Every structure is written in structure tokens, then in C-alpha cells.
1. Those residues that are under 19 Å from the mean Cα position of the chain (by Cα), in a helix (DSSP H, G or I) and surrounded by fewer than 20 Cβ atoms within 10 Å (Cβ to Cβ), I need them from the stretch 181-204; list them, please.
2. Being over 14 Å from residue 124 (Cα atoms) and surrounded by 16 or more Cβ atoms within 10 Å (Cβ to Cβ) is the filter here; which residues of the stretch 18-39 pass it?
3. Name the residue that is nearest to the chain's Cα centre (by Cα), counting only residues in the stretch 26-39 that are at pLDDT below 95 and within 18 Å of residue 87 (Cα to Cα).
4. Do we have residue 167 as buried (at least 19 other Cβ atoms within 10 Å of the Cβ) and either of a type in the set (Gly, Ala, Ser) or farther than 19 Å from residue 42 by Cα (or both) here?
5. What are the pairs, 6+ residues apart or on separate chains, where a residue within the stretch 73-89 that is within 19 Å of residue 21 (Cβ to Cβ) and of a type in the set (A, V, I, L, M) has its Cβ under 6 Å from a residue that is at pLDDT 95 or above and surrounded by fewer than 21 Cβ atoms within 10 Å (Cβ to Cβ)?
6. State whether the residues of the stretch 15-25 include one that is farther than 20 Å from residue 245 by Cβ, touching a Lys or Arg at 6+ places or on another chain (Cβ under 7 Å) and assigned to a loop (DSSP other than H, G, I, E, B).
7. For the stretch 217-232, check the following and say yes or no: at least one residue is over 19 Å from residue 171 (Cβ atoms), of a type in the set (Phe, Trp, Tyr) and exposed (fewer than 14 other Cβ atoms within 10 Å of the Cβ).
8. Give 198, 223, 214, 235 a once-over and let me know the one that is in contact (Cβ under 8 Å) with a residue 40 or more places away in the chain and either more than 13 Å from residue 37 (Cβ to Cβ) or touching a His at 6+ places or on another chain (Cβ under 9 Å) (or both).
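The values are calculated or read from the model by the stated rules, or taken from the named source; none is laboratory data. What you see is a predicted model, and the numbers here were worked out from it, not measured in a lab. Cβ placement follows ideal geometry from the backbone for every residue including glycine, while neighbour counts extend to all protein chains displayed.
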Amino acid sequence: MKEVRLKDKERLDELQRNGYRIIQNPERFCFGMDAVLLAGFASVKPGGTVLDLGTGTGIIPILLEARTPAARLTGLEIQEESADMARRSVELNALSSKIEIVTGDIKEADRLFPPASFDVITCNPPYMVDSHGLRNPEASKAIARHELLCTLEDVVRQTALLLKPGGHFFLVHRPFRLAEIINTMTKYRLEPKRMRLVYPFVDKEPNMVLLEGVRGGRSRMTVEKPLIIYSAPDVYMPEIYEIYGY
């Protein structure tokens, strides 16, 4: 594994997969459990091509490379500082032959990539519209959490343009926007096929939803059993340990 020089305030985090590590800056937006769960929910067939929209520091392409037979993975990120960390993490893990990080705007993704050119597209988008919640004063964190630079519809529209017919879209989001998400996906003929709600504890309301859609798929959706995070405070359920690779 190569060594990569860290910049000011950056750190190296272990990913528990193939010995991979990732560069992050805690003063910017670091990946959370939602990205790990999305990578665990997504599937890629052998030789598949993957695009991760809003890749941040590249966590989803790196995890998908570790756990799927994807042939080529691309991460698109608008913030150059995050894209730079992602590129150096790819280099650190000697994955440059399989993962490419592109700096660019999700809203213009169809200008950066050929139409219908990906088998799988993943996205862990900003969850909040401008009126939802307190906006972080740190710009990079605000962009990651609030729809400041792109909307849910931007993500779905670009996904529909860039997925191959029959290609798969994997999304993690918040349940309070579920009706909007499904309506937007069906508007662009990304038929919802699989859904799994994520609960912090068995007796709490869900705080995440994992969705799979298929471009041009028929109308039929499977709702999978709930995914429970904790059996007790700070104690993960066995499935969470499996997803993390412990």
C-alpha cells in the first residue's frame, strides 16, 4: 500500500475492508453510517460499471470495490477539497486502475459522462431542503446536508439519463421524504423495486431508508425486513458488525 502525505488537519481512518484506509478532515464532512449501509445494500454484477453521485471523500466507491466484483467505479464530487482527499485515498489504497474521481456538478453529470453508460448508480445525497433543520455554518458540511447545490430531482433526473436500461439505482435517504422520493423516481421511470427501513433501536421510529430502483422496471416493490442498528446503547446488532466487516 502506498503512502500519501496528509494535509493540515487530515487523518487516516481504517475501513475494516481489505486493509483499506481513507483520508478525512474532521473539520469538513466525514462519512457516516448511512454511506456504509448504502454500500452494504447496493449490489454490482461482475464487470459492472458504477457511478457514485456526490461521492465526498470516496467512501462508497472504495467500499464497493472491496465487496463487489465491479470492474470500474467513478465518484463525482463538486467540492474540490473533498475530491482531492478522495483521489489521494484511491491512490493510497492502490486502486487508481479501478476507481476514478471526477470533480463536477451533479446537475451537469450528463455533460461529463455518456448517456446510458453505467450499470449501477449510487447516491447518499443531502437530506434536507432549505427549510428543514439548522444549516451548518461550515459551508462544506452545509452542502453535504442541505440541498444547496442540487436537489433530489436533480439526482434522480441525472440518474435516469446515465443508467443503462435495466440499470440499478441505490439511494439512502430519510423516511420523512419517502413519498416525494418514490414519486420522483417513478416520474423518471426509475421503478422502486426494493426498500429497507433502518431503525436505531427496535422500539424507535426509522431514521433512514434504503431504496433500489431499476430504470424501466416493472411496477413491483419488495419491502425487506427492518434493519436495526443497536441492541443496546453503543452495542451494534450482529448484522451491523457484518456490514462494517468486523
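1. 182, 184
2. 20, 21, 22, 23, 24, 25, 28
3. Among those that are at pLDDT below 95 and within 18 Å of residue 87 (Cα to Cα), it is 31.
4. yes
5. Between residues of the stretch 73-89 that are within 19 Å of residue 21 (Cβ to Cβ) and of a type in the set (A, V, I, L, M) and residues that are at pLDDT 95 or above and surrounded by fewer than 21 Cβ atoms within 10 Å (Cβ to Cβ), the close pairs are 83/103.
6. Looking through the stretch 15-25, at least one residue is farther than 20 Å from residue 245 by Cβ, touching a Lys or Arg at 6+ places or on another chain (Cβ under 7 Å) and assigned to a loop (DSSP other than H, G, I, E, B).
7. Within the stretch 217-232, not a single residue is over 19 Å from residue 171 (Cβ atoms), of a type in the set (Phe, Trp, Tyr) and exposed (fewer than 14 other Cβ atoms within 10 Å of the Cβ).
8. Only one candidate qualifies: 214.
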